[in-house]
Amino acid sequence: MLSVSDAFTLMQQHVLPLPTEIVPIHNATGRVLREAINADRDFPPFDRVAMDGIGIQFADYSAGQRTFMVVGTQRAGEPPQTLREPTTCLEVMTGAMLPIGVDTVVRYEDVTITDGQATITIDDVEKGLNIHAQATDRHAGEELLPTGTWMGPSEMAVAASVGQTELVVTALPRVALISTGDELVAVNEIPLPYQIRRSNTYMVQTVLLSLGINATMHHITDDEAVLQTEIQRLLADNDVLILSGGVSAGKADFVPAVLTRLGVQQRFHKIQQKPGKPLWFGTTENKTVFGLPGNPVSTVLCACRYVLPYLRASLGLSPAPVQYAQLATSITFKPNVTYFLPVKLTSETDGRTIANPLPGSGSADFANLTAADGFMELPASQSEFGAGEVFRVWVIPGIESVR
């Protein structure tokens, strides 16, 4: 069996070679940029008024002038006016071009205006006050969004601001989620006493939606011939197969043998961890298959710890920010494997993140996950984990941003 670290590294060596596609900007939210976006002009493109107020020549203020006659108003979206006479001012609006002859803006809060006369009421005015100078943020031609950028709200605004009507992004992989097992029935069916409803595929589908991937769902019974026929069909139509169940050591766990016959090269089977030990991973030249353990806690853990980072890398995204937390209470775990402990996270006023253990009743206790924010990764090198110790946490998607 591989260690958690070795298994993760091996997966990252076989990321998918996903192509690019061009999408209109209104369809680009949540996609990964594959062609950098540059500034088409300076940011800002002109000396910009940063506050509503009055525009003056600083030399007049420096000479002792405090009261200025208002001779006009400069609004946003209009060509610049010209301040021609000394000891006069223009009312100026936020976002407007700085009027010609104005080099300082005093906000309305620091001015009183009576009968067309504006009097400055503060003594700390400096030249250039409340002016957002041209090219302060970026110069024309400068890179604004590099390749690999996730297109969130701010990024979409930047793309729109430079007239980018279409974006080159990573094509989303076609993903099929496959549940296996004769004990599983559809959500709309009434299970017999020895059956349960299918739920793992809904859980993994929700995890994948955090990357904008809308996977299809399928179910295959524990019949080896049927498994081979259906998996072969789904493998031809998809880039990624994610199976739930059928990868352990039971008499009906046919998935590894079927995948081998279909030409999927096994990269590893089983990891030194709990839960999720039976994880299976394999590839062809341009396809990837994950065989996740069927127990729900194992399924969602492996989806968060391995599948999501793999798909992030395939899409061209950088790894998600590493998160750590302090254990709220001591934990003892004797087996010499990495232990993924379900935890509830709380934030303290001093900036610490506290992980409250939710051990539950095992890897089949998916109801326990409704209270969990993620999994704390406790290393195999320890068996005693003290309150206050800090370890990495893998947050279940939906709790945090993809970014």
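The values are calculated or read from the model by the stated rules, or taken from the named source; none is laboratory data. Because the structure is a prediction, the values reported are computed rather than measured. Every residue, glycine as well, gets a Cβ built from its backbone with ideal geometry; the counts of neighbours run over all protein chains shown.
Considering only residues that are in a helix (DSSP H, G or I) and in contact (Cβ under 8 Å) with a residue 40 or more places away in the chain, which ones fall in segment 234-288? Those that are in a helix (DSSP H, G or I) and in contact (Cβ under 8 Å) with a residue 40 or more places away in the chain: 234, 235, 237, 255.
Within segment 343-354, not a single residue is hydrophobic (A, V, I, L, M, F, W, C), surrounded by 17 or more Cβ atoms within 10 Å (Cβ to Cβ) and not in a strand (DSSP E or B). Set side by side, the residues 184, 177 differ, and just one is assigned by TED's automatic domain parsing to the domain that holds residue 309, modelled with pLDDT of 95 or more and more than 26 Å from residue 97 (Cα to Cα), which is 177.
Please determine, by comparing only the residues of segment 21-46 that are part of a strand (DSSP E or B) and touching a Gly at 6+ places or on another chain (Cβ under 9 Å), which one is farthest from residue 95 (Cα to Cα). Ranking the candidates gives 32 first. Residues in segment 307-340 that are part of a loop (DSSP other than H, G, I, E, B), in contact with a helix residue (DSSP H, G or I) (Cβ under 9 Å, 6 or more places away or on another chain) and polar (S, T, N, Q): 318 only.
Regarding segment 298-306, can at least one residue be identified that is free of Cβ contacts under 8 Å to residues at least 60 places away in the same chain, within 30 Å of residue 385 (Cα to Cα) and not assigned by TED's automatic domain parsing to the domain that holds residue 151? Within segment 298-306, one or more residues are free of Cβ contacts under 8 Å to residues at least 60 places away in the same chain, within 30 Å of residue 385 (Cα to Cα) and not assigned by TED's automatic domain parsing to the domain that holds residue 151.
Selection within segment 55-75: residues that are of a type outside the set (Ser, Thr, Tyr) and exposed (fewer than 13 other Cβ atoms within 10 Å of the Cβ). The member of this set that is nearest to residue 130 (Cα to Cα) is 59. Name the residues in segment 101-120 that are touching a residue at least 24 places away in the same chain (Cβ under 8 Å), over 29 Å from residue 43 (Cβ atoms) and hydroxyl-bearing (Ser, Thr, Tyr), would you? The answer is 119, and nothing else. Tell me whether segment 284-291 contains one or more residues that are at pLDDT 95 or above, crowded, with 18+ Cβ neighbours inside 10 Å, hydrophobic (A, V, I, L, M, F, W, C) and within 24 Å of residue 227 (Cα to Cα). There is at least one residue in segment 284-291 that is at pLDDT 95 or above, crowded, with 18+ Cβ neighbours inside 10 Å, hydrophobic (A, V, I, L, M, F, W, C) and within 24 Å of residue 227 (Cα to Cα).
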